[in-house]
Amino acid sequence: MLGGLAGAGYGAEFGTEVRSIEGTVGTVVGGSIGADIVDGIEELFWMRTWLDGLFRKGRPRTADENPLESRAELSPEERAVLLVGILEDPTAREDEKYDAAMYMEDFPGPLVESCLIRTIRAEDFSSVLAQHCAASLAGIWAQQDRIDRDFFSELHRTALDEVLGILGTRAPHLIPPRDGES
């Protein structure tokens, strides 16, 4: 909303500082830069609101529940189940699946890993969704200092590139030697 107002010239004159709770964000230098900054802040706000709604989806509110407290009520296990549900929902939008796949790294466990592996296989190791899933899977492997050798040997195409890139940066010791190497 503020971005639209700043872009239209309302309250965003030349040289006007754009402020947030944390202080000055930038200065409007002709309208568009200030509008871009404000739009970026709006996008972050709406993404956070969307995620909060996502994690509450399908869960009825209790009579005494404060909307601000409801954010913290879901356990990591519940969040993992919701993310798996989104990734496996054939009616979910592509962007929702991408977001779910990216956040799955934060919820390691057998349920999440098996969902990521199934999705990578279903996407033929090469789609954008397979890349996001491969990145989360590699992140989980790096956190837990182990890999699934059987599935690693199946990896190819862009999914393999993604896994090798992340493991190469975060846990290079986990990358198995190639055939013929020692």
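FYI, it's all coordinate maths here, none of it is from the lab. In this text the structure is predicted, and so the values were computed from the model without any measurement. We place every Cβ from the backbone using ideal geometry, glycine too, and count neighbours over all the protein chains shown.
Just a few scattered comments:
- Figure legend: label point modelled 7 angstrom from the Cα of ASP161 along Cα→Cβ; residues of segment 114-145 with amide N under 12 Å from it are 126-128, 131.
- Segment 74-142: Rg to Rh, with Rh as the Kirkwood radius over Cα pairs: 0.92
- From the C-alpha gyration tensor of segment 118-182, square roots of 5λ in Å: 18, 14, 10
- Extending 7 Å from the Cα toward the beta-carbon at both GLU96 and GLU77 defines two label points whose distance is 2.5 nm.
- Length gained on full extension, GLN144 to SER126, computed as 0.36 nm times the residue gap minus the Cα-Cα distance: 4.0 nm.
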